[in-house]
Amino acid sequence: MSGPLDKVLIKIFAAGFYRAHAGILMVGLFVMFGVVEPGQLLNYHKTLMLALVSSPLMLLVIFAGWLLYVIKSWHYVLGQIAAVNQQFLFYSSNAFSQKQQLKAWSVVQFVIQLPVGVYGLMAVGVGFAHGYYLLPVIVFVYLLLLTVGSAWLYAFRIHKLLDGSGQSWLMKISGNWQKPWFSLFVYHVFDKQKITWLVTKGLSWLLITGFFLLFADVQHDVRVAGIALLAVATAHVRLVFEERVFEEKWLSFTRNLPYSRLQIFGGIVLAYLIIMFPETIWLFSRFSPLVALGLLATGISTVMLFHCLLYYIGLDMEKYMLRVFFLFVLIFWMILFKLIWIAALLTAGLAWLLFYKNYYEQQTLEGDDQK
């Protein structure tokens with residue numbers, strides 16, 4: 001039975017995690033359940049679960065993906081613990097015993113890990129039903145360790161006083177460098193959002209690898225790479241949202257500087273090109289320059305559309321995620337019908353239109369009173 005501390009922590013951290021990462025989770029659900037015909041869905045996942053509990057190599061790959069998900073949850077929860085509006089937890093949680101705190105944080109992490117945990121436990125059940133015992137037990141123990149280890153980390157961190165006075169090594173070595181306007185968010189990412197960027201890159205690698213394994217028989221079809229890159233672009237929605245928050249919080253004064261809309265739009269494109277540099281290397285190392293250019297244009301224009309959408313709807317995460325999912329499905333079908341260049345031009349044009357019409361509209365950080 002959940003206690004008062006459990007309920008408070010779930011409302012603050014678990015519910016907040018799902019709101020903040022709804023886009024990535026919807027893409028994951030679409031990949032897991034939307035790319036397989038309904039009649040084959042049950043057999044497909046049964047085969048996947050059997051591979052999970054019978055192949056050590058497959059198990060290691062899945063464990064790596066689950067770990068990335070959990071690291072993402074660490075980044076979110078620890079960041080929220082450090083937020084000023086959560087400082088009351090330093091005092092109120094100490095009214096409970098250490099055992100109660102660890103239990104509450106375990107419940108929070110269990111709720112956050114539900115997508116991973118439910119699938120993992122189903123795989124354990126399938127494994128036992130088919131005579132596999134060792135690997136299913138390892139899966140169960142691994143999930144338990146992730147939950148308990150995360151709870152211990154949160155409980156430990158909430159007792160530590162935060163000191164934000166120190167500068168990161170990046171800020172120290174780049175203190176005297178010239179920093180163009182477009183590079184400010186890039187510095188912010190590698191200074192304050194390093195874990196988010198690394199987790200996003202890890203997720204990109206998993207998505208690319210997963211798509212090419214899933215469609216191994218047609219992996220030379222450019223549509224496979226296009227859909228993989230679309231999923232990668234959608235995986236960046238958290239960074240895109242953070243960029244708009246950063247821009248609105250710290251760079252809103254630039255609306256009064258003598259920069260044209262085209263200069264500002266181009267600067268944002270350059271920032272995302274730098275952030276997505278690993279994916280760019282992969283594209284040009286695997287495909288011909290023309291094909292790689294088309295795929296890169298589609299990926300960057302999709303990210304820019306996600307970015308410029310926020311100028312129109314405001315900084316409202318729930319509204320944003322719904323529209324991102326709709327755009328993902330629309331672009332997915334365009335790529336499926338080999339309209340990659342048209343998708344790139346259409347998304348780029350729509351991004352520019354949203355930017356041009358809404359850039360000078362002042363917005364609030366909470367997303368209230370938006371369009």
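The values are calculated or read from the model by the stated rules, or taken from the named source; none is laboratory data. Here the structure is a predicted model, which is why all the values come from computation and not from measurement. All Cβ positions, glycine included, derive from the backbone under ideal geometry; neighbour counts span all protein chains shown. When the accessible area is computed, the model is the full protein with side chains, heavy atoms only, and any ligands, DNA or RNA have been set aside. Shrake-Rupley method; radii C 1.70, N 1.55, O 1.52, S 1.80 Å.
Key figures for this structure:
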{"item": "Residues that are exposed (fewer than 15 other Cβ atoms within 10 Å of the Cβ) and either of a type in the set (K, R) or within 22 Å of W74 (Cα to Cα) (or both), drawn from segment 113-139", "result": "L114, V118, L121"}
{"item": "Of all residues in segment 329-364 being within 18 Å of Y272 (Cα to Cα) and of a type in the set (F, W, Y), the one that is most open to solvent (accessible area, probe 1.4 Å)", "result": "W352"}
{"item": "Subset of segment 45-75 that is open to solvent by less than 30 Å² (accessible area, probe 1.4 Å) and more than 18 Å from V141 (Cβ to Cβ) - its residue that is modelled with the highest pLDDT", "result": "S73"}
{"item": "Selection from segment 262-282 of residues that are aliphatic (A, V, I, L, M), open to solvent by 70 Å² or more (accessible area, probe 1.4 Å) and within 14 Å of Y359 (Cα to Cα)", "result": "L262"}
{"item": "In segment 204-229, residue farthest from F241 (Cα to Cα) [restricted to those that are touching a Lys or Arg at 6+ places or on another chain (Cβ under 8 Å) and of a type in the set (A, V, I, L, M)]", "result": "V222"}
{"item": "Qualifying residue in segment 151-167 (condition: open to solvent by 30 Å² or more (accessible area, probe 1.4 Å), at pLDDT 85 or above and either hydrophobic (A, V, I, L, M, F, W, C) or within 21 Å of the chain's Cα centre (by Cα) (or both))", "result": "yes"}
{"item": "Scope segment 193-248; condition surrounded by fewer than 18 Cβ atoms within 10 Å (Cβ to Cβ), in contact (Cβ under 8 Å) with a residue 24 or more places away in the chain and small (G, A, S); matching residues", "result": "G210"}
{"item": "Single condition R323 does not satisfy, out of (1) modelled with pLDDT of 95 or more; (2) open to solvent by 50 Å² or more (accessible area, probe 1.4 Å)", "result": "(1)"}
{"item": "Cross-chain or 6+ apart pairs with Cβ under 7 Å, segment 102-114 first and within 21 Å of L67 (Cβ to Cβ), then charged (D, E, K, R) and modelled with pLDDT under 95", "result": "V107/D6"}
{"item": "Any hit, segment 294-305, residues being open to solvent by 40 Å² or more (accessible area, probe 1.4 Å) and either closer than 23 Å to E243 by Cα or modelled with pLDDT under 90 (or both)", "result": "no"}
